[in-house]
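Here's a structure for you.
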Amino acid sequence: MQSLIWLAIAIPLASAAILLLAGRRADAWGHWVGVIASSAAFLIGAGALMEMISEGGAHPGTTLTLWEFIPGSELSVDVGLLVDPLSITFVMLITFVGTLIHIYSVAYMEHDPARRRFFAYLNLFIAAMLLLVLADSYLLLFFGWEGVGLASYLLIGFWNQKNEYATAANKAFVVNRIGDIGLIIAMGMMFAAFGALDFTTVFAEAPEASTATLTAIGLALLLAACGKSAQFPLQSWLGDAMAGPTPVSALIHAATMVTAGVYLIVRSAPIFNGAPNAQLVVAVVGAITLLLGAFIGMAKDDIKKALAASTMSQIGYMMLAAGLGPIGYAFAIFHLVTHGFFKAGMFLGAGSVMHAMNDQVNMRRFGALRGVMVITWVTFGLGWLAILGIPPFSGYWSKDKIIEAAFVGDGWQPWVLGGAALVGAGLTAFYMSRLFFMTFHGKARWTDDAHPHESSLLMTIPMMILAVGSAFLGLFLATGDRFAHFLEPVTGHAEHHDPVIAIPVIIGLTLALVLVGTVIAWMKYGRADVPEEAPAGSLVTIAARNDFFQDSVNRAVFQRPGQHLTRTLVYGDAAIVDGAVNKQARGWARLGESSRKLQTGQVRSYALTMLVGVVLIALVIVLGGM
Amino acid sequence: MNPMNYVILAAILFSIGSAAVLLRRNAIVAFMGVELMLNAANLALVAFSKIYGHLDGQIMAFFVMVVAAAEVVVGLAIIITVFRARQTISLDEPAELKG
């Protein structure tokens, strides 16, 4: 099956092409084609995984070269796929969660006239994302990277008849371009330093390169990761990306695409291992984002935006872990997988709630939904317990490990990074409990036209499967460090280090903070009445509600100066470049204007001119001959 | 007789012809001037042919006659057309190509 892995990319891609080209004829059955294509990709991935496990031991990965892409003496790149534990983990996450979300979307998008187009884009996304994780060179990875950006753009703006949704799509696209520049610069520096872009050569030569080179490449890769994963300072697009249909938010903006940045960092481990400063920056960016996301999550009343802020914050955890080096890589990916399950499950739950409440997203108009939406309540609840990190649910196994790893090290780092991770856990507990209690508990604050009801089985079954994953996947993968050993060939073996505080103390502190956060949330939003209008709130609340004024900052720091720069350049172009050309042209025109007078239209004057000319030529010949 | 005299005669005829072209307004007269210049050139060619004992000049004279005959046909046709259009054959009248 590993040699057939290319089919996992080709089938969804072909399906996307069919759905887009077939037009309205495919409206009746197009969505099932999309589901089948995604399931086929999952089966191929599962076959490859089974084969890998049955081969046993530490699997180093197999490269599958498909064709020569850029043949050349200085730079030659082949199109090849790399099947190793890391990539197969992603393949499984993408295709499994992807297929469930496909099934969910069949019901969710039932009344949308453009459902077929929606499935075409979803399939396009699956193909591009698989290409991203399976590529065996940075160049091919870049193709997938851009492909998922395109799919994300198309799906955020899926309802582009609404102006603000189209703007949100453009914003996501533009911010992602900034990250892409980082990846391009990184590739350029790799080519300059190693003369190659494929993982094998780059990683083999990375240990010999200078620290400065590796740090520069690492920071450029971090910029790319920040763009794609909505990390500080490129986080502004993710909240607005919630304009897309909810299944899209679940698949692309929670479970898979936004984690591509973490994949990039972990995949580039050999580069970061040689650049401790770049690693530190990665960890700090992760720590900042995890706190920033948590604060925003606490203030938002829009259920999807609160979940988006939570996604940002959780990816911050992953980035933090990825920045810790070999001790963190496996946990970053571990948390990524469990997060993929519980966050996708909660987004689908949010979609189910919105479906029942006439697309209402304001949590202040929810409340008491547990009675009418039992399945959604239970599945969402399992996801909530998982993200809180309550043992034995998934999040506990992955997040706790990250917090422990963050406390490893010397000097100030473990205290700052570990402290951020620890505080983040308490904040997470507060904002997720707030979201959960506001939606499902308390008194009903529904709008008059809302008649909530449980969603159809087509929607609830994927939610149930994801809820089971949220509950038990962590325990299953953590038993005997199963997952960490599986990833070891890629992430490298990590020596055991003791954190600066004893592990039981860390676990105890984390759980205590989580409990405190949850209890405060229960007091404020579960037991007490929640006002239907948001109270004014403190300065911090107002700032967090406005995403810490990220848009205003971007506008003041980047957009305005950029506009001034371009205006100056336009003026310079008009005055200097165009000015020189136009002046010259005007000179020639004046010359033509004056020489025009020579044409009198008088035949006899022409004849005279001719005669004079002939006489002159004759004179020259005669005198010249003498 | 000195053949050089023919060359001098040719020069005189050429000057008369060019003066006719430059000074007369009547198209027919100017046209005759052109013919006179062509024949002057012919005379010069034949004279040089005689002086140098070479036949090339005489052959060239025949070509000039052929071209002159063709030119007369075209030229007179143009003059008639212009006359029909403007009721005049003055060379100074048509000045549409003035820049």
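Quick check on the range B:16-31. Is at least one of its residues of a type outside the set (D, E, K, R), over 30 Å from A:E593 (Cα atoms), within 14 Å of another protein chain (Cβ to nearest Cβ) and open to solvent by 80 Å² or more (accessible area, probe 1.4 Å)?
Yes, the range B:16-31 contains a residue that is of a type outside the set (D, E, K, R), over 30 Å from A:E593 (Cα atoms), within 14 Å of another protein chain (Cβ to nearest Cβ) and open to solvent by 80 Å² or more (accessible area, probe 1.4 Å).
Right, another one. Is the range A:51-62 home to any residue that is outside any helix (DSSP H, G or I), within 26 Å of the chain's Cα centre (by Cα) and surrounded by 12 or more Cβ atoms within 10 Å (Cβ to Cβ)?
yes
Could you identify the single residue in A:W32, A:W67 that is open to solvent by 20 Å² or more (accessible area, probe 1.4 Å) and not in a helix (DSSP H, G or I)?
Just one listed residue meets the conditions, A:W67.
Within the range A:267-347, which helices (runs of 4 or more DSSP H) (wholly inside it) include 2 or more residues that are more than 18 Å from the chain's Cα centre (by Cα)?
A:269-273, A:276-299
Among the candidates B:A44, B:A40, B:A61, single out the residue that is away from chain A (no Cβ under 14 Å), surrounded by 17 or more Cβ atoms within 10 Å (Cβ to Cβ), part of a helix (DSSP H, G or I) and of a type in the set (A, V, I, L, M, F, W, C).
Among B:A44, B:A40, B:A61, only B:A61 is away from chain A (no Cβ under 14 Å), surrounded by 17 or more Cβ atoms within 10 Å (Cβ to Cβ), part of a helix (DSSP H, G or I) and of a type in the set (A, V, I, L, M, F, W, C).
Let me ask something else about it. Just checking, which of A:D547, A:D551 is open to solvent by less than 60 Å² (accessible area, probe 1.4 Å), at positive phi and either of a type outside the set (S, T, N, Q) or more than 14 Å from chain B (Cβ to nearest Cβ) (or both)?
It is A:D547.
If you don't mind, another one. Which residues, taken from the range B:83-99, are farther than 30 Å from A:E593 by Cα and touching a residue at least 24 places away in the same chain (Cβ under 8 Å)?
Scanning the range B:83-99 gives a single hit, B:I89.
Anything in the range A:70-101 that is assigned to a strand (DSSP E or B) and either assigned by TED's automatic domain parsing to the domain that holds A:S470 or surrounded by fewer than 16 Cβ atoms within 10 Å (Cβ to Cβ) (or both)? List them, or say none.
A:I70
Would you point out which residue out of A:L435, A:L417 is in contact with a helix residue (DSSP H, G or I) (Cβ under 8 Å, 6 or more places away or on another chain), in a helix (DSSP H, G or I), under 30 Å from A:G98 (Cα atoms) and open to solvent by less than 60 Å² (accessible area, probe 1.4 Å)?
Being in contact with a helix residue (DSSP H, G or I) (Cβ under 8 Å, 6 or more places away or on another chain), in a helix (DSSP H, G or I), under 30 Å from A:G98 (Cα atoms) and open to solvent by less than 60 Å² (accessible area, probe 1.4 Å) holds for just one of A:L435, A:L417, which is A:L435.
Same structure, new question: Select, from A:V97, A:V91, the only residue that is at pLDDT 90 or above, out of contact with any Ser or Thr (no Cβ under 8 Å at 6 or more places or on another chain) and closer than 27 Å to A:D481 by Cα.
Unique residue meeting the criteria: A:V91.
Name the single residue that is nearest to the other protein chains (Cβ to nearest Cβ) among those in the range B:47-58 being of a type in the set (A, V, I, L, M, F, W, C) and under 15 Å from B:A10 (Cβ atoms).
B:F48
What is the residue count in the range A:584-603 for residues that are more than 60 Å from the chain's Cα centre (by Cα) and either open to solvent by less than 90 Å² (accessible area, probe 1.4 Å) or facing chain B (nearest Cβ under 8 Å) (or both)?
Within the range A:584-603, residues that are more than 60 Å from the chain's Cα centre (by Cα) and either open to solvent by less than 90 Å² (accessible area, probe 1.4 Å) or facing chain B (nearest Cβ under 8 Å) (or both) number 11.
So, in the range A:454-491, of the ones that are within 30 Å of A:M298 (Cβ to Cβ) and part of a loop (DSSP other than H, G, I, E, B), which residue ends up most open to solvent (accessible area, probe 1.4 Å)?
A:E454
Oh, and also: So which residues in the range A:499-521 are surrounded by fewer than 17 Cβ atoms within 10 Å (Cβ to Cβ) and within 23 Å of A:M363 (Cβ to Cβ)?
A:L515, A:V516, A:V519, A:I520, listed by residue number.
Of the residues that sit in the range B:84-99 and are outside any loop (DSSP other than H, G, I, E, B) and away from chain A (no Cβ under 13 Å), which one is most open to solvent (accessible area, probe 1.4 Å)?
Taking the candidates together, the pick is B:R84.
Only residues that are within 14 Å of another protein chain (Cβ to nearest Cβ) and either in contact (Cβ under 8 Å) with a residue 40 or more places away in the chain or open to solvent by less than 70 Å² (accessible area, probe 1.4 Å) (or both): list them for the range A:604-626, please.
A:R604, A:S605, A:A607, A:L611, A:G613, A:A618, listed by residue number.
The values are calculated or read from the model by the stated rules, or taken from the named source; none is laboratory data. Bear in mind that the values here come from a model prediction, so they are computed numbers and not experimental data. Ideal geometry is used to build each Cβ from the backbone, glycine not excepted, and the neighbour counts take in all protein chains shown. For accessibility, only protein heavy atoms count, side chains too; no ligands or nucleic acids. Shrake-Rupley method; radii C 1.70, N 1.55, O 1.52, S 1.80 Å.
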